[in-house]
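What follows is one structure encoded as structure tokens, with my remarks underneath.
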Amino acid sequence: YPWETIKEYQEILFSYYDGIAKISINRPHKRNAFTPLTVREMSEAMELARQDERVGVVILTGEGGDAFCSGGDQSVRGHGGYVGEDKVPRLNVLDLQMQIRRIPKPVVAMVAGYAIGGGHVLHVVCDLTIAAENARFGQTGPKVGSFDGGFGASYLARIVGQKKAREIWFLCDQYDAQEALDMGLVNKVVPLDQLEEVTIGWCRKMLEKSPIALRMLKASFNAELDGQAGIQQLAGDATLLYYLSEEAKEGKDAFLEKRKPDFSKFPKFP
Ligand code: 1HA
């Protein structure tokens with residue numbers, strides 16, 4: 001596929017093709033483990049994809065075919081977080097998780113190879129996951145001295161159920177693509193050489209659909225779990241729709257024209 005680079009980065013690739021933005025971790029020598037810089041670059045790319053009106057769907061993936069992402073780079077783990085050039089320890093992947101859930105466009109995890117630890121959580125928070133047959137899933141926190149009790153626990157439990165989520169975290173086993181499919185953790189399993197083709201096919205199906213309907217559905221699915229913050233997002237979308245109406249425009253026009261608004265002509269639906 002003729003992906004064109006949107007912006008050059010050090011640790012990720014960020015490209016565009018036919019309505020789709022692709023964010024790909026580019027550290028295959030480390031099984032695509034992330035550093036604070038990787039995450040900062042992914043965050044910026046996610047924001048650019050959100051703002052880009054050409055983009056209707058985002059693909060999150062990793063380069064190389066051996067790994068989607070193996071979580072935080074343990075070799076830069078310091079006292080209180082993962083340490084970058086500025087020597088400040090960070091857990092900034094948590095902000096990226098929030099971004100993935102908040103961007104009002106579907107985000108599809110395209111998983112070849114390992115999705116492990118914090119890398120597993122990244123696929124969990126994506127809206128959909130397409131896995132290659134070589135995909136392997138799992139958490140490692142209790143083995144390497146970490147845990148993600150946020151979306152990594154609660155949202156995982158919504159997906160696979162409480163018993164399975166606890167098994168995943170307490171035992172730190174790995175699960176193959178078929179096992180992941182069986183527990184509802186991924187949407188589809190395909191041969192590795194068809195992974196991108198099938199993922200793009202799914203993206204195209206979504207790109208043919210009403211963007212506002214997809215946006216409202218994503219916010220609605222989130223709202224159930226996200227409480228007040230979820231309602232805030234859904235209500236924000238309601239405001240967006242209201243701003244599109246003549247009724248709302250009458251309020252603004254009246255203010256600017258320094259007159260009393262006349263809402264009498266608008267229906268009072270039963
Ligand atoms: O839990 C959190 C967080 C929680 C709250 C808030 C923020 C959080 C942020 C992050 C995380 C975490 O991600 S904790 C979990 C960290 N990740 C792991 O424990 C996975 C570590 N990696 C592995 O278990 C394995 O490498 C693997 C199952 C993914 C692949 O195994 P394989 O195919 O046998 O390859 P391997 O030889 O182990 O790895 C290839 C190279 O990549 C090795 O380097 P080399 O010996 O060639 O120099 C390996 O050290 C490196 N590598 C792989 N994963 C990581 C890594 N180096 C650093 N960090 C890694 N995560």
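Here are the numbers for the structure shown:
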read-out: Rh (Kirkwood; distinct C-alpha pairs) - segment 1-58, Å; value: 11.6 Å
read-out: Loop-located GluC sites (Glu not before Pro) in segment 164-240 whose Cβ has at most 15 other Cβ within 10 Å (DSSP); value: 208
read-out: Anchor residue 143: lysines whose Cα lies under 21 Å away (excluding residues fewer than 8 positions away in-chain); value: 30, 163, 164
read-out: Qualifying trypsin sites (Lys or Arg not before Pro) for segment 65-147 [loop in DSSP, other Cβ within 10 Å: at most 13]; value: 87
read-out: Residue 265 accessible area, assembled protein chains, probe 1.4 Å, Å²; value: 130 Å²
read-out: 222 nm mean residue ellipticity, helices alone, for the chain (DSSP H n ≥ 4; -39,500 (n - 2.57); rounded to 500); value: -14000 deg cm²/dmol
read-out: Total charge dipole magnitude, the chain, about the Cα centre, Cβ charges on Lys, Arg, Asp, Glu only, Debye to nearest 20; value: 780 debye
read-out: For segment 95-151, average projected area of the Cα convex hull in nm²; value: 4.0 nm²
read-out: Average accessible area per residue (Å²) across the chain - probe 1.4 Å, nucleic acids and ligands excluded; value: 53 Å²
read-out: Crossing angle, helix 162-171 versus the chain [Cα axis fit, 0-90 degrees, rounded to tens]; value: 40 degrees
read-out: Between helix 211-243 and the chain: long-axis angle, C-alpha atoms, 0 to 90°, nearest 10; value: 50 degrees
read-out: Tilt relative to the chain, helix 93-102 - C-alpha long axis, 0 to 90 degrees, to 10; value: 40 degrees
read-out: Residue 221 - accessible surface, heavy atoms, 1.4 Å probe, Å² rounded to 10; value: 150 Å²
read-out: Amide H partners (placed H, <5 Å) of residue 72, local residues excluded; value: 34, 118, 119
read-out: Cα-derived Rg to Rh of segment 1-100, Kirkwood definition; value: 0.98
read-out: Carbon and sulfur %, accessible surface of the chain computed with the full protein complex present, 1.4 Å; value: 55 percent
read-out: Descending semi-axes in whole angstrom, ellipsoid equivalent of segment 43-184, from the Cα gyration tensor; value: 22, 21, 14
read-out: J(HN,Hα) series, segment 22-37, from Karplus relation 6.51 cos²θ - 1.76 cosθ + 1.60, nearest Hz, glycine and proline x; value: 10, 10, 10, 5, 10, 9, x, 5, 10, 6, 6, 5, 9, 9, x, 5
read-out: Principal axis dimensions, the chain - Cα atoms, whole angstrom, descending; value: 66, 43, 39
read-out: Förster radius 35 Å - calculated FRET efficiency between residue 85 and residue 178, Cβ distance, rounded to 0.05; value: 0.25
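The values are calculated or read from the model by the stated rules, or taken from the named source; none is laboratory data. What you are looking at is a predicted structure, and each value in this text was computed from that prediction instead of being measured. So basically every Cβ, Gly included, is an ideal-geometry build from the backbone, and we count neighbours across all protein chains shown. What goes into the accessible areas is simple: the full protein's heavy atoms, side chains included, and nothing from ligands, DNA or RNA. Shrake-Rupley method; radii C 1.70, N 1.55, O 1.52, S 1.80 Å.
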